There are 4 protein chains.
Amino acid sequence: MALTGVLRPGFVQIRVLDMKEALTHYCDRLGLFEVSREKDGRVYLHAMDEFDRHSVILREADQPGMDRMGFKVRTEHDLDLFEKRLRDVGMEVEHVEAGEQPGVGRRISFVAPTGHRFDLYAEMEQSALPPMTHNPDVMQVDPKGMGVQRFDHCLLYGDDLDGTERVFVEALDFEVSETVTAPDGTRIASFLTCSNKAHDLAIVRHDEKGKFHHASFLLEDWSEVGRAADIITRYNISIDIGPTRHGITRGKTIYFFDPSGNRNEVFAGGYSYYPDNPRRNWDADEVGKAIFYYERVLNDRFMGVVT
Amino acid sequence: MALTGVLRPGFVQIRVLDMKEALTHYCDRLGLFEVSREKDGRVYLHAMDEFDRHSVILREADQPGMDRMGFKVRTEHDLDLFEKRLRDVGMEVEHVEAGEQPGVGRRISFVAPTGHRFDLYAEMEQSALPPMTHNPDVMQVDPKGMGVQRFDHCLLYGDDLDGTERVFVEALDFEVSETVTAPDGTRIASFLTCSNKAHDLAIVRHDEKGKFHHASFLLEDWSEVGRAADIITRYNISIDIGPTRHGITRGKTIYFFDPSGNRNEVFAGGYSYYPDNPRRNWDADEVGKAIFYYERVLNDRFMGVVT
Amino acid sequence: MALTGVLRPGFVQIRVLDMKEALTHYCDRLGLFEVSREKDGRVYLHAMDEFDRHSVILREADQPGMDRMGFKVRTEHDLDLFEKRLRDVGMEVEHVEAGEQPGVGRRISFVAPTGHRFDLYAEMEQSALPPMTHNPDVMQVDPKGMGVQRFDHCLLYGDDLDGTERVFVEALDFEVSETVTAPDGTRIASFLTCSNKAHDLAIVRHDEKGKFHHASFLLEDWSEVGRAADIITRYNISIDIGPTRHGITRGKTIYFFDPSGNRNEVFAGGYSYYPDNPRRNWDADEVGKAIFYYERVLNDRFMGVVT
Amino acid sequence: MALTGVLRPGFVQIRVLDMKEALTHYCDRLGLFEVSREKDGRVYLHAMDEFDRHSVILREADQPGMDRMGFKVRTEHDLDLFEKRLRDVGMEVEHVEAGEQPGVGRRISFVAPTGHRFDLYAEMEQSALPPMTHNPDVMQVDPKGMGVQRFDHCLLYGDDLDGTERVFVEALDFEVSETVTAPDGTRIASFLTCSNKAHDLAIVRHDEKGKFHHASFLLEDWSEVGRAADIITRYNISIDIGPTRHGITRGKTIYFFDPSGNRNEVFAGGYSYYPDNPRRNWDADEVGKAIFYYERVLNDRFMGVVT
């Protein structure tokens, strides 16, 4: 399989109300490592199994939520190509200069029909503490907290789900791995992938634009989901739901909130996606099982609490 | 990421000395399901999490070993394209008619410089018992035995490792994720991927052509590797090594032999590969740790016993 | 440590509304094995890691619930001793003849102050399919369904909690490992052990006498709790809560209902208890965390739904 | 079950060649916590899930090995009782004054026929960092390294196996849960328990007196055995064997060496023992499977390397 174009979710910039509390949460509890703290106040974090310099950016603000999500593409040339294709599907494309984030090359940026800002970029410096590559150990440092391996994906809520799905499919070559559909045919949720992962981005239809449901981080397996749950209660972190499993993607998961009210997920597992797989579809009346496979009902927070 | 060209290892045809014993092994112990038994005596098997009709083909013969390994490509057009590119790197390409395997379309086939036969094909009927796609459960039937999810990859032994690596990289767009190299620069082992998996094919340098080290099947996690080990001893299956872990790919693994002496692996885990990852390299004097991360030495069987 | 007197929970007799559905549930889903079906209609079941003939008895009736729970004592002489001590604390003791359950010796029986009937017995025939003892494999047969290893304990609801606790402590040498206590000092829940297990019997204060909260079965680890959860949804079994963890005992658990509405638990883990351990105590306002460590709140069903 | 007499293995005093290296090993890698360092140079360690002050004592010396192993008994009165019974089976009993180990009451001490010194004691101060008991969390501090929960048992090598077994059974009320026996009836190995654990002490017949095979520490489950294996290779700890499983006790295990050459085990699982269980017996020609259930052969180190 030639792997071209958009490679993966590369970073997410999250707004937090109190940086100190946020760092305790993301570093000591989730297990991210602080990379740098810049003059504009943004703090850059890195997960232990990522080669790139950073994957999470925290920005102190009055309201929680997501500022932007970035996808890494394979080549500089892809940026030019995707800029054209984004314009072809009606997106306004902005340029972000190299260095706006330390160690990151030029980005192109657009606001999708659901109101979320996405960036594409081809260059990021390698981490100062990447996975080893010469006679590599399976880990370079002892994991801390939940020991998340990488930033994995986001679930976003917004109004024009069809519009955003169309942009990602038509301009950026994503595929729709899984959907939830109302009886009248309205798409309620769309799970999009640009890789062998069951999803790299998920979108749920919602009245407001630009809402952030969660950022998700990868764990090794179900055993680590259980250990994450122990940490969540031990440190009195606000839980949403779990440990449980998603029917969609089959991921084993737990949801909780950072101190600013942004939802996080840590998860493991899920099927491998291939572009010749038939699409998986869920009926709206099975959405409970689709989202929380064990409980088989949604909790109110899942639909209502977003930042 | 646009996923194009070669998608994945799709099937392996294995020679067995006694079909009945082989079926007990592959179906009752590994957990494959019998799909069909054809007039020419070949028996077709399917793993529980595969959409395609079959992935393992057993053929009764006087000598164990691998007849051929097939890769599924995305489109019929890819077959024409790869035929040309294979010829461009000096491969003789044969045509195999649709239907030579039941439910499989036309294949192109070549013998790589290490003496192994590989097929490419774009079409295979869907399994009669595939993963569910409408309000899907995480499994359709109870797993049996080790409960392998899919055929995952092969490790092959042969003389002209550089030649075969070159064919897969130059003609088929594979990437080399990891290598083992001798002090004089000779490549001892090469791990090749066409996906986000750490490897889809592995080759070790060896005096003889066309040797088969193992076919590997995916499990969910380390816990299932342990359960597989219980089954191996309970049913007196000949073990090679494990449970252990590979330094290369980081997979958690156990090796054992089918009743004909062909080596099998069941494994879980391993890193996700992306084409912008730096290549991982092992020195020859660390090959023990590379292959068996916990033991840090090779056993004699790993280098010597192939079929 | 000399292990004397009451050894362990040995059996539970459960009322079910439909025997056929019950057997599908307890045998195919939990993984018990049918031992015998007697003329009076009772069906005797056995778990794969138990030496004794049976541990679960199903009786078809108009109302679900628990008929009786039996404890195995070490010697026949213990029965005489405990009869006297039970009478000393005010219990009426009945004699049940050997053979009332097939393969079981004479029992002494009493109704505790909470209205539950308990039996003590010293003799039960060995299972026809016990764990192996000569060059034993770790399992004799492949596990099926959830693969429960043994019947482990019951949680019972009743009014005179203090009375029943007193009987088990004063007459039967149980110890109280853990409690939940109201601000006024009223005991809300009591966890009792006669072994190194964190509990062999649990009692919760409740308005009605003789109620059955759940029978619990042991699994190997958290990984098996997850597999049990998959089976529960796959076979559309009514779930109560989980996978989660208890603060009390630390067990990792999932609760669900048999087709008659009796609650079952499958669980793994929990601390080892020793008689020199200080007692663990929970305040009533932390009862949510005590029962469901991750959710930190009780669901209504936990307190209200009993049979 | 009334739990009386000897409760459990309470401490082991191990000789190490270099205290600094030993502390890195036992604290940073296994996850014990340093409790105190006394004037005589001994360092006292504690595991995270133990109530007592210490369980491992390191003493710097010229030769590695075990100085003594201590068992906690339930009452002071038990000490007097066991002293008499030990003398009755021919043991010389010494008195060790309270305070010889900080926080520990008077001990009685004897050298068993295999040449190992054992102590019994009834009183030890509670740890400054014990498991919580009031609204307890499942852990008080984050685990570090392998996160061992407790010191669990020792395996000792010595000549007069029958003699030592007899002392533990006849004077101290241990039971023999499992044995390995030569064709001529000679006992090769004996596994002894004073609890519901499959073993609290194990002895293997060996030419020399007083040899130390390993001290063992408890982990939660197989998943943690895997994580321990990662740490062993990551920190270049000398491995013996594993991850594997014992046929005897069914424990899931990994063996490795401390920097002084003393063998350690970390393990999880194993059956629950009850005094009415039939004894499990292994024939000598199945000893490989008995010890290493997956490999089914002993490695030379298992029989030959002791300290």
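The values are calculated or read from the model by the stated rules, or taken from the named source; none is laboratory data. The structure displayed is predicted, hence computed values, not measured ones. So basically every Cβ, Gly included, is an ideal-geometry build from the backbone, and we count neighbours across all protein chains shown. Please note that ligands, DNA and RNA were not included when accessible areas were found on the heavy atoms of the full protein model with its side chains. Shrake-Rupley method; radii C 1.70, N 1.55, O 1.52, S 1.80 Å.
Points worth noting:
- Near-label residues of segment C:200-214 by backbone N, under 18 Å of a point 7 Å along Cα→Cβ of C:Asp160: C:203-212
- Size of the D/C contact, given as accessible area buried on both chains, probe 1.4 Å, in Å²: 4700
- With 10 Å² as the minimum drop in accessible area between chain alone and full protein complex (1.4 Å probe), the qualifying residues in segment A:1-36 are A:Met1, A:Ala2, A:Leu3, A:Thr4, A:Leu7, A:Arg8.
- Note on segment C:83-230: along the principal axes its Cα atoms extend 51, 40, 25 Å, ordered by decreasing extent.
- Between segment C:218-254 and segment B:155-226, the alpha-carbon centres lie 40 Å apart.
- Exposure ranking of C:Asp276, D:Asp230 by accessible area [1.4 Å probe, largest first]: C:Asp276, D:Asp230
- Using a probe of 1.4 Å on the protein chains alone, the accessible area found for C:Arg59 is around 80 Å².
- For segment B:108-153, a reduction of at least 20 Å² in accessible area between the chain on its own and the assembled protein chains (probe 1.4 Å) is found at B:Thr133, B:His134, B:Asn135, B:Pro136, B:Asp137, B:Val138, B:Met139, B:Gln140, B:Asp142, B:Arg150.
- DSSP beta bridges in the protein assembly as shown [antiparallel fraction, %, rounded to 5]: 70
- Sequence of A:Arg263, D:Arg29 when ordered by accessible area, the most exposed leading, probe 1.4 angstrom: D:Arg29, A:Arg263
- Accessible carbon and sulfur surface of segment A:170-275 relative to its total accessible area, %, 1.4 Å: 44
- In segment B:150-304, the DSSP beta bridges split such that about 70 percent are antiparallel, to the nearest 5.
- Pairs of alpha carbons in segment C:150-304 whose separation is greater than 26 Å (percent): 22
- Residue ranking by accessible heavy-atom surface, 1.4 Å probe, largest first, among C:Ile254, A:Ile241 comes out as A:Ile241, C:Ile254.
- When DSSP beta bridges are restricted to pairs lying wholly in segment D:6-121, around 70% turn out antiparallel.
- Sites D:Asp18 and C:Asp142 - FRET efficiency at Förster radius 51 Å, r taken between beta-carbons, to 0.05: 0.55
- Contact residues in segment C:195-218 (at least 20 Å² less accessible area with all protein chains than alone, 1.4 Å probe): C:Ser195, C:Asn196.
- Estimated at the nearest 10 Å², the accessible area of A:His46 is 10 Å² with a 1.4 Å probe.
- D:Asp49 accessible area, assembled protein chains, probe 1.4 Å, Å²: 40
- Within chain D, the longest run free of exposed loop sites, counting GluC sites (Glu not before Pro) that sit outside DSSP helix and strand states (H, G, I, E, B) and have at most 10 other Cβ atoms within 10 Å, spans D:98-307.
- Amide H contacts of D:Phe174 (H built 1.01 Å from N, in plane; Pro and chain starts excluded): D:Val169 sit under 5 Å, all sequence-distant by 5 or more or on other chains.
- When the helices of chain D are scored as -39500 (n - 2.57) per DSSP H run of n ≥ 4 and the total is divided over every residue, the value at 222 nm lands at -4000 deg cm²/dmol.
- For segment D:6-121, the average shadow cast by the Cα convex hull is 7.5 nm², which is a quarter of the hull's surface.
- Here chain C is treated as an ellipsoid with the same Cα gyration tensor; its semi-axes, largest first and in whole Å, are 26, 25, 19.
- Rg/Rg_ref, the protein assembly as shown, where Rg_ref = 2.2 N^0.38 Å and atoms are Cα: 0.95
- Using a cutoff of 8 angstrom between alpha carbon atoms and counting only pairs six or more residues apart, the relative contact order for segment B:150-304 works out to 25 percent.
- For segment C:1-153, accessible area per residue (1.4 Å probe, heavy atoms of protein chains only), Å²: 38
- Long-range amide H partners of D:Gly115 with built H, under 5 Å: D:Gly210
- Scalar couplings 3J(HN,Hα) for segment C:105-114, obtained by applying the Karplus form with A = 6.51, B = -1.76, C = 1.60 to θ = phi - 60°, are x, 4, 10, 10, 9, 8, 9, 6, x, 7 Hz; x denotes Gly and Pro.
- If only the Cβ of Lys and Arg carry +1 and only the Cβ of Asp and Glu carry -1, the dipole of the protein assembly as shown around its Cα centre is close to 0 debye.
- With a Förster radius of 51 Å applied to the beta-carbon distance between B:Glu100 and C:Glu92, the computed FRET efficiency rounds to 0.05.
- In this structure the amide hydrogen of B:Leu156, modeled in the peptide plane, comes within under 5 Å of the amide hydrogens of B:Ala202, B:Ile203, B:Val204, B:His213, none closer than 5 places in sequence on its chain.
- Computed from backbone phi, the HN-Hα couplings of segment B:90-96 come to x, 7, 7, 10, 9, 9, 10 Hz, rounded to whole numbers (Karplus: 6.51 cos²θ - 1.76 cosθ + 1.60, θ = phi - 60°; Gly and Pro given as x).
- Relative contact order %, segment A:216-259, counting alpha carbon pairs below 8 Å whose residues are six or more apart: 35
- For segment C:258-307: rounded, prolate or oblate by the Cα gyration tensor [a/c cutoff 1.5]: oblate
- Take every Cα pair under 8 Å whose residues are at least 6 apart in sequence, average their separation, divide by the length of segment C:6-121, and the relative contact order is 27 percent.
- Accessible area per residue for segment B:203-283 is 25 Å², calculated with a 1.4 Å probe on protein heavy atoms, without ligands, DNA or RNA.
- Surface composition of segment B:6-121: carbon plus sulfur atoms hold 45% of the accessible area, using a 1.4 angstrom probe and ignoring ligands, DNA and RNA.
- Count, lysine Cα pairs under 29 Å in chain A, 8 or more residues apart or across chains: 28
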